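> Mind having a look at this structure? Questions to follow.
All of the numbers you see were taken from the coordinates with simple rules; none came from a lab. As the structure is a prediction and not an experimental result, all values here were calculated from the model. So basically every Cβ, Gly included, is an ideal-geometry build from the backbone, and we count neighbours across all protein chains shown.
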Amino acid sequence: MLPSPFHSLGLDFSRAISRKFERGRFVVIGADPEKLERQFTETGREAVVLGTSRDLPAKLRQGDSAAHFEIAVWFYPPEKSEDDRVAEDLSRCADNIVLIPGRGADVSERRPQLVECFRRFGFLPDYECDLSDLAPAAIRLQPRPSEPADALIPAVEATFARLNTRLDASQRGYQIQESELEAAHRHIAALEEKLLKLKEYRRELKSLKAQRQILRKSPERRIGQLLLAPYRLPEKFVKAIRKKLRPRAAKFARSAAPTQYQEWFERHRASVSDLKRMRHEARAFACQPLISVITPVFNTPVHRLEEAVESVLAQAYENWELLLVDDGSSSVDLLDALPHLAARDQRIHLEKLGKHAGISAASNQGLTRAGGEWVAFLDHDDVIEPDALFQFAKLLQIQRDAEMIYSDEDKLDEDGFEAPLFKPDWSPDFFLSYNYVGHLTAARRDVVQKVGGFRSEFDSAQDYDLFLRVAEQTDRIHHIPRVLYHWRRSADSSAISVRQKRGQLDATRRAIEDHLKHRGERARVAVDWRTHAFCVRRDLLLARKISIIIPSCHGAESLERCIGSLTSKTRYPGYEIVIVQGDQKSPEAAVSSSSFPGRLLYFSGATNGSAAKNFAVNQTENPWLLFLDDSIEVIEPDWLAIMAEHVQRPPVGAVGARLLNPSNTIEHAGIVLGVNGIAQPAFRGFAAEHPGASRQLQVTRNCSAVSSACMLTRREIFQQAGGFDENLPGALADVDLCLKMRRASSLIVYTPF
């Protein structure tokens, strides 16, 4: 197939150039007329599109009114045979000329030629006009008098700055792709290791089969077959009966024997008497908002949609409305069923789109028609628990200023409920790793409308994109720790795998990037192909100097290994090592003072770790502080830079890293409260590569506290919190410090990277 002679255009070229030039007629030369005319028609702008510059003279001969254009766009070709003629024609018929390199044109050669050519006709470059979103080398020419070279310097510098910004963006894109490639290589390496094991098993199996063949031909086996022949017939008969009954028995066993989770769920879900009590309680609520449940519908199996509607009709909280929005379905059965479903209750409303427009368009139609103060979103084949809306309304009796609420959820298939997702309370860093909020989620309608509702360009991740934009507006986001939503597994649902929906990972990444851009954060977003979660690497805007404070508690040998790994593997540009020792006369102290780099502090109360750390902080001046146990050894060169990426963020109070034992199991991955006592390390003893519950081991997230075995914080945050409580034992002093930071509205971050 021959390549197109026309310049390759983006899908929104006409819209982009219309934003730059809000009024006037266009003439465009060197683009595909059919494609571009369609774009301009959709944009509502008048334009004449010519395939080549040879068509221009005929257009100019049509008369004065038809031959004048406010804007001329020329996708100039590689050759310069007609430059003078085209420059003269465009200079006579247009007020503004935009030059864009066409297919195969060498910008470094052609652009200076054309600028000089148009200069002869009185058109000079407007360097203050930024057209880089049309094309990196696009330039605007206007009729203007010549200016001295000095006057052009600010405009040229501004152009250089814009190009440098685009170069930075391209470099970040390259780094993202490089990160994803590295993750893919690690994934491939793990698969290759498994493949080698499978090949080894295959060889062993082949050997066993060969041995079996030898045994089959042995005289002993032949004699045994003759002796046992009379007893074989009854045995074969029994086997045949068992084989026939086995599928039925297995199916019966699955349905008859509930899983451990199903048994737990049945014990904890609302009973009939509970629902009766909830109905009575809900009628007495001081705050009884109307909740609009929006359900986009597209070719849904009728029985599945009926189950979804039934689950709404069964709600204990009765002040709701259900909006079924048909997204141009073609299923005759569904189209027949929809009016009957809507007629079942006056609170059910049916909306129809004229054609299939996608889930975002259908959801936005529901938002337009919704009358509730709150809107909730229910997929067309999922179901909610009878107390779902009651629990949301109940929370609003206490948290009147809440603006988004989400619950726990599980999966639903033919065998019942499974795979529960027990979610943490609002964790903004965890939410940037993947959409754990998911279902069931409700938000104030005015907030959803304020952020613009759903965006079709993020379809397949449209809910994540919406929730990210809501999170930009508010942190009044609350969690209900109850399984209230059942997400049905189906062939085209990401309830099975995110790969079930094409483009979901790409749409998700774009949503995260857009969210970070709105917050003014420069970052790279890469997918982790093992977990399908995302890693956000922020640019380190200023690498502040760090005091690494190491209380020496385990002797000189341990300290030597710690500092050796620290100095040889740490890639961070600026830090000092501060070692806190006990009595200066001890043998360990004497060895340390002569062997180790950095500052050596002596503190008579060094056995009290909290007091030693507080003492060291007062002896240092650097703006950032890292507390490190002398038993820690560095294994990743970027460990400190990654922690610094987070601590530079104003909302963050402290950052903790993933710590591994020599057995390659988890020692520390954040601290949780109220588990096996006051506080316990999360996931201790798990394998290093284990994803953890809801991928929490392998993603950045917020937690209640982190350990000072490896904790980075800012000096002012540490001092405002009052430092470590010297009356508490080590681990509890860490928890106390983090809780004081959280009380001051700071985030505690765990990072595994």
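> What ranking of F603, F26 emerges when the number of other C-beta atoms within 10 Å of each C-beta is taken as an exposure proxy, fewest first?
F603, F26
> From the phi of every residue in region 556-570, what ³J(HN,Hα) in whole Hz does the Karplus formula 6.51 cos²θ - 1.76 cosθ + 1.60 yield, where θ is phi - 60° and glycine or proline is x?
Along region 556-570, the couplings run 5, 5, 5, 5, 5, 5, 4, 6, x, 5, 5, 6, 8, 10, 7 Hz.
> Would you mind pulling out the separation of the Cα centroids of region 78-132 and region 517-573, in Å?
Answer, in whole Å: 50.
> Listed here are the pairs K517/K545; K423/K517; K199/K569; K352/K517; K276/K411; which of them are more than 32 Å apart at the Cα?
From the list (K517/K545; K423/K517; K199/K569; K352/K517; K276/K411), the Cα-Cα distance tops 32 Å for K199/K569; K352/K517.
> Taking every DSSP beta bridge that has both residues in region 13-146, what percent is antiparallel when rounded to the nearest 5?
Of the beta bridges lying entirely in region 13-146, close to 30 percent run antiparallel.
> What percentages, rounded to whole numbers, describe P(r) for region 592-686 computed over all alpha carbon pairs with 10 Å bin width beginning at zero?
Going from the shortest bin to the longest, the percentages are 12, 33, 40, 14, 0.
> Could you order the peptides 114-127, 646-659 from most to least packed, using the average number of other C-beta atoms within 10 Å per residue?
Output ranking for 114-127, 646-659: 646-659, 114-127.
> Return the sequence-ordered ³J(HN,Hα) values of region 472-489 in whole Hz as given by the Karplus equation 6.51 cos²θ - 1.76 cosθ + 1.60 applied to θ = phi - 60°, using x for Gly and Pro.
Once θ is set to phi - 60°, the couplings for region 472-489 become 5, 8, 8, 10, 7, 10, 10, 10, 9, x, 9, 6, 10, 9, 10, 8, 6, 7 Hz.
> OK, next. How about region 266-346: which chymotrypsin sites (Phe, Trp or Tyr not before Pro) there lie in a loop by DSSP and see at most 15 other Cβ atoms within 10 Å?
F285
> Please report, largest first and rounded to whole Å, the three semi-axes of the ellipsoid equivalent to region 278-493, where each semi-axis is the square root of five times an eigenvalue of the C-alpha gyration tensor.
24, 20, 18
> If you project the alpha carbons of region 546-751 onto the principal axes, what extent comes out on each, in Å, largest first?
50, 36, 35
> Name the residues whose placed amide hydrogens come within less than 5 Å of the amide hydrogen of W320, ignoring near sequence neighbours (fewer than 5 apart) on the same chain.
Sorted by chain and number, the residues that satisfy this are I291.
> Can you list residues from other chains, or at least 5 along the same chain, whose modelled amide H is less than 5 Å from the amide H of F377?
I294, T441
> What are the aspartates and glutamates whose alpha-carbon lies under 17 Å from the alpha-carbon of K80, with same-chain residues fewer than 8 places away excluded?
Partners found: D55, E88, D89, D106, E109, E116.
> Highest mean first, how do 538-545, 202-209 rank when packing is the count of other Cβ atoms within 10 Å averaged over residues?
Highest to lowest by the protection proxy: 538-545, 202-209.
> If you don't mind, there's one more thing I want to ask. Compute the distribution of all C-alpha to C-alpha distances in region 13-146, in bins of 10 Å from 0, and list the percent of pairs in each, rounded to whole numbers.
Taking all Cα pairs of region 13-146, the binned fractions are 12, 47, 36, 4 percent.
> Follow-up. In what sequence, highest mean first, do 338-350, 374-386, 405-417 appear when ranked by Cβ atoms within 10 angstrom?
Answer by packing, highest mean first, reads 374-386, 405-417, 338-350.
> Sticking with this structure for a sec: Can you give the Rg to Rh ratio for region 414-468, taking only C-alpha atoms and Rh from Kirkwood?
Answer for region 414-468: 1.03.
> Right, here's the next one. Of the beta bridges DSSP finds with both residues in region 546-751, what % are antiparallel, to the nearest 5?
Of all bridge pairs located within region 546-751, approximately 45 percent are antiparallel.
> Would you mind calculating the relative contact order of region 13-146 from Cα pairs under 8 angstrom and at least 6 residues apart, reporting the percent as a whole number?
21
> Antiparallel DSSP bridges in region 278-493: what percent, to the nearest 5?
Counting only bridges with both partners in region 278-493, antiparallel ones make up about 30 percent.
> Pairs of alpha-carbon atoms within less than 8 angstrom and 6+ residues apart define the contacts here; what relative contact order does region 609-751 have, in percent?
Normalised by residue count, the contact order of region 609-751 is 33 percent.
> Treat each spin label as a single point 7 Å out from the Cα along the C-beta direction, and report the D446 to N299 distance in nm.
A separation of 4.1 nm, rounded to one decimal place.
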